[in-house]
Amino acid sequence: LGDYATTSTCAGRVAVYAAPAGGDSKKRGRWLRATHDAAGLSGDDVRRAVAALAADAKADAWPAGEVWNVSLKFEPPIAHARCADLAAARRLVAWALAHGWRESGCNLAKRAPTVAVRGRKPNP
């Protein structure tokens, strides 16, 4: 373990996101509801989030007739580890991929390689 240092982690999240259709989604998009809770979002959570968005539309919070898309997003757990060298980074990526963390990879930073262990871990 001396070859690795954790730099950040996130348990993943489930979220309801709304954005204008046809572009400008990053500037004007809205996180309506997000949770890092392992239980995720209930149907009631999603209904309340969409109802709040509809209330904004009725209150003229954006131009008349504008269409918005609402998405239910799942972002998987992720852990970043700074590695002692490229060989250590390769070992960690190989381990992660072999154990089902299929979105894992390496970033060759100036100071030291950083590995992101990410992806939907399959159930045992």
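The values are calculated or read from the model by the stated rules, or taken from the named source; none is laboratory data. Quick caveat: nothing in here was measured; it's all calculated off a predicted structure. Surface areas here come from the heavy atoms of the whole protein model, side chains and all, with no ligands, DNA or RNA. Shrake-Rupley method; radii C 1.70, N 1.55, O 1.52, S 1.80 Å.
Full extension of the segment from ALA34 to LYS110, taken as 0.36 nm per residue of separation minus the current Cα-Cα distance, would add 24.0 nm. Here ASP45 sits with roughly 30 square angstrom of accessible surface, probe radius 1.4 Å.
Full extension of the segment from ASP85 to VAL67, taken as 0.36 nm per residue of separation minus the current Cα-Cα distance, would add 1.6 nm.
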